[in-house]
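The values are calculated or read from the model by the stated rules, or taken from the named source; none is laboratory data. No experiment lies behind these values; they were computed from the predicted model shown. Every residue, glycine as well, gets a Cβ built from its backbone with ideal geometry; the counts of neighbours run over all protein chains shown. Each accessible area value is taken on the protein alone, full model and side chains, heavy atoms only, with ligands, DNA and RNA left out. Shrake-Rupley method; radii C 1.70, N 1.55, O 1.52, S 1.80 Å.
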Amino acid sequence: EKGTYPHYMLKEIEEQPLVIRKIIQAYRNERGELAVDPEIQRALHEADRIYIIACGTSYHAGLVGKHYLEKLAKIPVEVHLSSEFAYQMPLISEKPLFIFISQSGETADSRAVLVKVKELGYPALTITNVPGSTLSREADYTLLLHAGPEIAVASTKAYTAQLAVLAVLAEVIAKSRSRQSGVDMARELGIVANAMETVCGSKDEFEQIAREYLDSAQNAFFIGRTLDYAVCLEGALKLKEISYIHAEGFAAGELKHGPIALIEDGTPVFALATQARVNLNIRGNVKEVVARGANPCIISMDGLAQDGDRFILPEVHPLLTPLISVIPLQYIAYYAALHRGCDVDKPRNLAKSVTVE
Ligand code: F6R
């Protein structure tokens, strides 16, 4: 039930701190350490390469998950769209492990790949919010998101739950491989949950940003680098699917190779700046679009902020910034859609679970 909330989407955005805390609890063993089923641990150990298969928002979570598994667990990862992979399989390594990410566990495009993968005899793990769903039943292993039912068509809390579970998985494998990973993931995710609460406390500011930048916009762009780029793809998807504003996420360094031609006077450009290594680069990219007339909205992280940034996120572990930087983008999409009179929870042409290929 959505209780006092006007929309499920708003409720689900604001449940995110709770969901992260639930995940920390759910993945603790009796000694209080993060853990996963030993069989899943073994399957990751034995794999020489991981293939993440997903659609839409879950695919965007996979892009972030690749960073986690490669940086922490040191396993090479490829991320593929289900609908592409099904008809154009890349070369598969000697000992692959397939990870299917699906909120609903019912997405037909992903299931088509799972069926093929099982025919070929490869091991598969499904990360899903729905116990007993098709993708969970048909895979060898399942990790649950513990996000509670997600009703709004636009996925919000499932995305951050997917990121948290992928971070836990990467950390557990990292520890078991080297006995030292340097990241206390339970603690860092606790900090994320608190930071999420702080960000949710600024929703009036996000409504104001939506009003200012998007009420009369026809296009909007989201730019970022590395992890921020992955979040920009998700921010653009949220905005386009519920507000019907044409929105695109770009790798900021690619602007000069084409997309910058789209910038006109007043074009809203949302820029994420949460990564120290590329902070100077993204600042330069913002200057490039401003010189062409863009209306920039910079969302940065504490410690990396500069004068004129529109919103400053509380500091979290640099790998975990996507869990909080996505929240302003979710709210901005929500308010932009609301201001346009769109049906926020049930956008046109879309279904919550896509059971056709
Ligand atoms: C976007 C959205 C979709 C889903 C996609 C995959 O907000 O919800 O892009 O992420 O249809 O769905 P699942 O995760 O259920 O496989």
Does the range 46-67 contain any residue that is more than 16 Å from the ligand (Cβ to nearest atom), polar (S, T, N, Q) and open to solvent by 10 Å² or more (accessible area, probe 1.4 Å)?
no
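Identify all residues within the range 215-240 that are open to solvent by 30 Å² or more (accessible area, probe 1.4 Å) and touching a residue at least 12 places away in the same chain (Cβ under 8 Å); write none if there are none.
First pass over the range 215-240, keeping only residues open to solvent by 30 Å² or more (accessible area, probe 1.4 Å): 215-216, 218-219, 225-226, 229, 233, 237, 240.
Listed by number, the residues that qualify are 215, 218, 219, 225, 226, 229, 233, 237.
May I ask you to say which residue of 248, 264 is of a type in the set (Asp, Glu) and either out of contact with any strand residue (DSSP E or B) (no Cβ under 7 Å at 6 or more places or on another chain) or in contact (Cβ under 8 Å) with a residue 40 or more places away in the chain (or both)?
After ruling out the rest, the residue left standing is 264.
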Scan the range 78-87 and tell me whether some residue there is modelled with pLDDT of 95 or more and in a loop (DSSP other than H, G, I, E, B).
no
Tell me, yes or no, whether the range 20-33 has at least one residue that is open to solvent by less than 50 Å² (accessible area, probe 1.4 Å) and acidic (Asp, Glu).
no
Checking residue 211 against (1) farther than 28 Å from residue 244 by Cα; (2) modelled with pLDDT of 95 or more; (3) surrounded by fewer than 19 Cβ atoms within 10 Å (Cβ to Cβ), only one condition comes out false. Which one?
(1)
Is it true that some residue in the range 206-214 is under 30 Å from residue 337 (Cα atoms), in a helix (DSSP H, G or I) and without any contact (Cβ under 8 Å) to a residue 12 or more places away in the chain?
yes
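Look at residue 203 and say whether it is in contact with a Phe, Trp or Tyr (Cβ under 8 Å, 6 or more places away or on another chain) and more than 19 Å from residue 320 (Cβ to Cβ). Spell out the reasoning first.
Values: in contact with a Phe, Trp or Tyr (Cβ under 8 Å, 6 or more places away or on another chain): yes; more than 19 Å from residue 320 (Cβ to Cβ): yes.
Taking the combined requirement at face value, the residue satisfies it.
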Just checking, does the range 197-204 include any residue being β-branched (Val, Ile, Thr), more than 18 Å from the chain's Cα centre (by Cα) and open to solvent by 20 Å² or more (accessible area, probe 1.4 Å)?
yes
For the range 35-54, indicate whether the set of residues that are within 25 Å of residue 227 (Cα to Cα), within 18 Å of the chain's Cα centre (by Cα), part of a helix (DSSP H, G or I) and not aromatic (Phe, Trp, Tyr) is non-empty.
no
